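The values are calculated or read from the model by the stated rules, or taken from the named source; none is laboratory data. This one's a predicted model, so the numbers in the text were calculated from it and none came from an experiment. Note: ideal-geometry Cβ built from the backbone for every residue, glycine included; neighbour counts use all protein chains shown. To get the accessible areas, we keep the full protein, side chains included, count just its heavy atoms, and leave off ligands, DNA and RNA. Shrake-Rupley method; radii C 1.70, N 1.55, O 1.52, S 1.80 Å.
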Amino acid sequence: MIKAGAKARGQQSSKPCPSTFRPDLYPDAHWSAYNLLIMSAIKIRGLKKSYRVYRKKEGLLASITGLFQRDYREVDAVKGIDLDVEQGEFVAFLGPNGAGKTTTLKLLSGVISPTGGAASVLGHTPWLRENEYRRRFALVMGQKNQLWWDLPAQESFRLHQKIYRIDSSEFQRTRDELVDLLEVGQLLGQPVRELSLGERMKMELTAALLHSPDVLFLDEPTIGLDVIAQHNIQKFLKHYQAMRKITILLTSHYMKDVAALCRRVVIIAHGEIVYDGSLAGIVDRFSSHKVLTLHFAEERMPSDLARYGEVLEIVEPKAKLRVDRSSIAKVLSSVLANHAVEDVSVEDPPLEEVIADMFALTAKNQADKVAAESLTPSP
Amino acid sequence: MHHPSYLGVFLTFARNSLIRDMTFRANFLIEGISSVSWMIMNLGFYTLVYRFTPSIADWDKYEFFVFISTTMFVNSLVQAFFMPNAQELSELVRTGGLDFALLKPIDTQFLVSLQRVNWASLGNFFVALLLLAYAVPRIEGFELSPWHFLLYPLYIVLGVFILYSVMIALAATSIWLGRNQSLYDFWFYITNFSRYPMEIYEGTWGTPLRQLFTFVVPILVVINVPARIMAKPLVSDQVFLASFAMLATAISLLGSRWVFKQALLSYRSASS
Amino acid sequence: MVARALTWWTILKISLEERLVYRGDFALGTLMRFLPIVTQIFLWTAVFAASESGTIVGYSRNDIVAYYLLTMLARAFSSMPGLASGIARQVRDGEIKKFLIQPIDLISYLLLARIAHKLVYYLVAAGPFALVYYLCRSYFPGWPATDVFAAFLLSLVLSFMLGFFLEASMGMIAFWFLEVTSLLFVYMLFTFFFSGHMFPLDMLPDFWLTLVDYMPFKYLAYFPAAVFLGKIEGEALYQGLLIQTAWVVFFIVSCRLLMQAGFNRYSGFGG
Ligand SMILES: Nc1ncnc2c1ncn2[C@@H]1O[C@H](COP(=O)(O)OP(=O)(O)OP(=O)(O)O)[C@@H](O)[C@H]1O
Ligand SMILES: [Mg+2]
């Protein structure tokens with residue numbers, strides 16, 4: 001088991017407050033008192049990154065002229081975002097493909113430099129790439145691996161030990177703990193190229209956590225894994241985060257990951273933050289309707305259900321309706337007045353659906369914006 | 001807190017590379033044999049040339065063999081320690097693998113320059129030793145002195161550093177250009193100049209060329225200085241070149257470090 | 001027939017485009033290729049300065065320089081970088097399967113891709129080549145007679161074909177031994193040394209000279225260059241061209257036979 005006090009650096013383990021505390025989620029708390037105690041782990045202000053991409057032209061002739069001149073355009077991957085993350089928070093970073101999630105994580109880990117704005121993680125500016133900073137965080141990318149491909153994972157771990165200068169006894173203890181938790185002990189001696197995707201991911205996680213980072217960036221750590229492996233990794237992350245109280249920023253396209261792990265969700269689309277709050281809040285904010293389930297006592301179902309809302313499904317004696325959020329009270333009272341109803345439930349639509357709708361909506365807005373821009377004649 | 005132990009990290013790199021090489025033993029052997037036979041062919045060529053001439057630019061046969069073994073020493077060291085890494089660097093840039101190197105709390109240039117050790121290339125090192133032992137006693141009027149033992153290895157190491165600087169600066173350009181397949185070619189052609197006694201660069205074109213590759217891109221001193229120390233009498237007119245080689249090494253190392261750092265600033269990672 | 005020609009044309013075009021994408025590599029690569037010539041000039045100048053006689057095995061210093069320049073040209077035709085190793089890789093990865101399934105002939109496909117590769121190379125390299133040859137014109141003994149020049153051109157084309165089919169045959173061996181790197185390396189060493197790329201083959205002692213006569217390698221570089229310089233004349237010239245042609249035919253046949261046998265073996269595996 002991981003002991004919270006096992007860390008070399010004392011300042012995190014002696015943290016006095018619940019790690020996932022957020023004043024805006026608990027409006028009644030005396031948050032100003034907490035504010036004095038909690039340091040912001042991550043502070044981002046107006047962070048921007050644009051890439052210059054070169055266009056390859058079609059056709060043979062164009063390729064030849066391409067020898068001498070090239071076209072390029074700017075891609076704004078991140079368009080000025082602001083974000084604060086407290087120490088010990090577990091934040092999910094959601095967004096459609098190409099939204100700028102990976103770019104943000106790369107900026108925060110100092111792999112690339114921004115084109116504008118500022119960020120501070122644990123008091124360091126990431127892209128200065130100071131060793132003191134680099135010793136305190138880790139980045140895991142589900143699509144890439146950093147372990148030596150042809151060597152057993154334990155050799156890569158030993159290299160990490162040397163690079164991070166972890167002393168032997170602590171290294172051994174941390175490694176054994178992680179390996180136990182992830183149940184990969186018997187695979188340590190096997191060349192990484194012979195491991196399955198899930199096993200490899202576990203090894204990647206182990207490698208990343210060997211130096212007990214205070215901040216962990218996870219970019220789609222469960223990509224391509226089966227349900228069981230995903231679940232294992234979730235379980236591990238949850239446990240590890242609860243024990244160590246480290247700050248984690250996670251991107252994922254699997255809502256299960258998010259629901260299991262994070263109370264706070266940040267949604268980014270087209271390089272801008274469009275939502276920051278609780279998972280449940282997404283539904284309030286982005287879903288315009290609720291799902292009303294009616295269990296009728298009558299022999300025969302009423303045939304004119306459509307007048308209350310969109311009928312989703314009917315399995316006698318039950319019916320599911322999609323009802324506008326604003327008219328739910330009115331609909332409910334009129335249903336109850338007109339029919340004999342045994343049971344009623346009002347639910348939010350499934351999260352995946354809401355998020356999918358929202359992504360589609362932002363994509364459409366973006367497309368409209370681009371279309372509008374291209375209509376206005378450029379000087 | 002404390003600096004990472006660079007020696008410890010390097011030894012781990014060397015160890016891991018050896019483990020890896022040993023899992024692909026056949027490959028390892030082939031590589032060793034091939035680089036050795038390449039040099040033997042080179043030797044064959046010069047043996048052939050010396051059938052028709054007593055000397056080349058005042059280097060007689062055995063002196064020239066010392067020159068060749070110096071080339072082999074320097075090249076085998078460069079190929080063992082730096083070449084695979086420089087080639088890997090453009091691959092790391094292309095795949096975005098450099099991301100991970102940038103995360104580590106250790107000097108990035110150190111990390112990407114020494115990650116892999118190509119043990120097979122050290123085969124030539126031993127062939128060079130044999131050749132040196134064969135050629136040196138056959139040089140007319142050669143007298144072994146302690147200076148040889150001190151200066152020859154020292155200048156070989158300095159030469160390796162100069163070549164490393166050129167190589168890493170070249171490799172760093174792949175961060176700018178995105179991909180740089182001709183890196184190896186470029187490297188080969190540039191260092192090609194260093195493999196000949198500098199005296200052959202004479203005349204209207206030769207003299208400026210010699211000066212260019214001595215004073216601007218100091219690759220001519222890489223092999224010439226140690227080879228002369230070993231093969232030619234130790235006389236005072238070598239002192240200038242030898243001191244210059246020291247300076248050139250320092251400047252090359254600093255210069256290449258600057259280029260590397262500049263290149264890293266514009267690193268853009270790979271998408272996804 | 002037309003459809004078939006169209007397919008080949010498309011393949012050729014795609015290969016051309018693929019090659020043109022990496023323009024930086026191209027420009028650099030072509031430029032660099034001439035640098036070794038510079039050192040060779042200086043080296044041989046030093047050699048001739050020290051040797052008593054003005055010629056070595058019948059070559060003056062200028063002849064030697066011209067010889068190197070000409071072998072560069074010959075190698076531009078006959079060298080096939082990545083051909084054999086590419087075939088070996090395709091066999092290893094199983095990519096070669098697509099030639100069993102699709103109605104495309106592997107060798108013709110490779111030949112076209114290679115022609116595209118070469119065409120682009122000549123396109124980019126023509127400038128530098130012309131420039132270097134112009135700058136070095138004083139090293140050449142002057143234009144050869146028309147028939148000698150024609151023979152030279154013919155030998156260049158033949159050297160392209162010899163290079164292609166010889167190396168393709170080497171690649172086909174991958175059907176039997178998956179790890180052909182060592183073999184390819186031996187091949188590379190042999191061609192470099194015995195093609196005459198490194199020095200005029202006439203410099204070799206008698207024993208080696210006879211050996212070289214029995215190998216195909218000298219037709220990849222030495223032969224065209226020697227023809228241009230008038231080192232091979234009359235009867236010997238026709239004989240040489242004939243032998244070169246014979247080698248080309250030999251490797252066309254062996255390449256195809258190896259491919260057939262390889263495919264049979266491959267599908268026998270069910271791989
Ligand atoms: N190295 C790069 N060069 C050029 N463009 C890039 C680069 N990296 C990212 N981009 C562009 O920036 C945008 C944001 O990419 P990013 O990888 O951050 O998206 P993401 O949110 O992680 O998406 P996904 O969910 O697909 O992983 C994309 O349009 C992408 O094409
Ligand atoms: Mg991403």
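Inspection of segment C:202-215 finds no residue satisfying the criterion of being in a helix (DSSP H, G or I), away from every other protein chain (no Cβ under 12 Å) and farther than 30 Å from C:LEU43 by Cα.
Out of the residues in segment C:187-201 that are part of a loop (DSSP other than H, G, I, E, B), under 16 Å from C:TRP44 (Cα atoms) and more than 8 Å from chain B (Cβ to nearest Cβ), which is farthest from the chain's Cα centre (by Cα)?
Within segment C:187-201, the match that is farthest from the chain's Cα centre (by Cα) is C:PRO200.
Considering (1) within 23 Å of B:PHE193 (Cβ to Cβ); (2) open to solvent by 20 Å² or more (accessible area, probe 1.4 Å), the lone condition that B:MET167 does not fulfil carries the number (2). Would you confirm whether any residue within segment C:135-156 is in contact (Cβ under 8 Å) with a residue 40 or more places away in the chain and touching a Lys or Arg at 6+ places or on another chain (Cβ under 6 Å)? No, the conditions are met nowhere in segment C:135-156. Looking at the structure I just gave you, is B:VAL36 within 14 Å of chain C (Cβ to nearest Cβ) and either among the aliphatic types (A, V, I, L, M) or not in a helix (DSSP H, G or I) (or both)? Considered against the rule, which asks whether it is within 14 Å of chain C (Cβ to nearest Cβ) and either among the aliphatic types (A, V, I, L, M) or not in a helix (DSSP H, G or I) (or both), B:VAL36 comes out as yes. Here A:SER156 fulfils each of the conditions (1) within 16 Å of ligand 1 (Cβ to nearest atom); (2) open to solvent by less than 10 Å² (accessible area, probe 1.4 Å) apart from (1).
This table checks each residue for (1) farther than 18 Å from A:VAL53 by Cα; (2) within 14 Å of chain C (Cβ to nearest Cβ); (3) within 13 Å of ligand 2 (Cβ to nearest atom).
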| residue | (1), (2), (3) |
| --- | --- |
| A:ASP76 | no, no, no |
| A:LYS79 | no, no, no |
| A:LEU83 | yes, no, no |
| A:LEU94 | yes, no, yes |
| A:GLY110 | yes, no, no |
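Considering C:GLU179, C:GLU235, the condition of being more than 17 Å from the chain's Cα centre (by Cα) and either modelled with pLDDT of 90 or more or part of a helix (DSSP H, G or I) (or both) is satisfied by C:GLU235 alone.
Within segment B:204-217, residues that are away from chain C (no Cβ under 11 Å) have Cβ atoms under 6 Å from residues that are surrounded by 13 or more Cβ atoms within 10 Å (Cβ to Cβ) and of a type outside the set (A, V, I, L, M) in no pair, counting only partners at least 6 apart in sequence or on another chain. Here is the figure for segment C:36-58: residues that are more than 8 Å from chain B (Cβ to nearest Cβ), open to solvent by less than 50 Å² (accessible area, probe 1.4 Å) and not in a helix (DSSP H, G or I) total 1. Considering only residues of segment C:109-126 that are open to solvent by 40 Å² or more (accessible area, probe 1.4 Å) and touching a residue at least 40 places away in the same chain (Cβ under 8 Å), which is nearest to B:TRP205 (Cα to Cα)? Looking at the filtered set, the residue picked out is C:TYR122. Of all residues in segment A:218-256, exactly one satisfies the criterion of being under 18 Å from A:LEU351 (Cα atoms), in contact (Cβ under 8 Å) with a residue 40 or more places away in the chain and more than 16 Å from ligand 2 (Cβ to nearest atom), namely A:MET255.
Considering A:LEU187, A:LEU128, A:LEU151, which residue is facing another protein chain (nearest Cβ under 7 Å), over 20 Å from A:GLY88 (Cα atoms) and of a type in the set (A, V, I, L, M)? Before you say what the answer is, go through the steps one by one.
Details: A:LEU187 fails: facing another protein chain (nearest Cβ under 7 Å); A:LEU128 fails: facing another protein chain (nearest Cβ under 7 Å).
Of the residues listed, the single one that is facing another protein chain (nearest Cβ under 7 Å), over 20 Å from A:GLY88 (Cα atoms) and of a type in the set (A, V, I, L, M) is A:LEU151.
Number of residues in segment B:226-272 that are assigned to a helix (DSSP H, G or I) and closer than 19 Å to B:PHE67 by Cα equals 12.
Please verify whether segment A:327-343 includes one or more residues that are open to solvent by 30 Å² or more (accessible area, probe 1.4 Å) and within 16 Å of ligand 1 (Cβ to nearest atom). No, the conditions are met nowhere in segment A:327-343.
Looking at C:ARG92, is it modelled with pLDDT of 80 or more, at negative phi, of a type in the set (Lys, Arg) and surrounded by fewer than 15 Cβ atoms within 10 Å (Cβ to Cβ)? Give the steps one after another, and end with the answer.
On the way: modelled with pLDDT of 80 or more: yes; at negative phi: yes; of a type in the set (Lys, Arg): yes; surrounded by fewer than 15 Cβ atoms within 10 Å (Cβ to Cβ): yes.
Answer is yes for this residue.
Evaluated against (1) of a type in the set (Gly, Ala, Ser); (2) within 12 Å of ligand 1 (Cβ to nearest atom); (3) out of contact with any His (no Cβ under 9 Å at 6 or more places or on another chain), A:ALA92 falls short on exactly one condition, (2). Listed by first and then second residue, the pairs with beta-carbon distance under 6 Å, at least 6 apart or on different chains, first residue in segment A:126-144 and in the same structural domain as A:ARG193 (by TED's automatic domain parsing) and under 12 Å from A:LYS106 (Cα atoms), second within 16 Å of ligand 2 (Cβ to nearest atom) and assigned to a helix (DSSP H, G or I), are A:PRO126/A:LEU108; A:VAL140/A:GLU204. Return yes when A:GLY100 is within 16 Å of ligand 2 (Cβ to nearest atom) and crowded, with 20+ Cβ neighbours inside 10 Å and no when it is not. It is true that A:GLY100 is within 16 Å of ligand 2 (Cβ to nearest atom) and crowded, with 20+ Cβ neighbours inside 10 Å.
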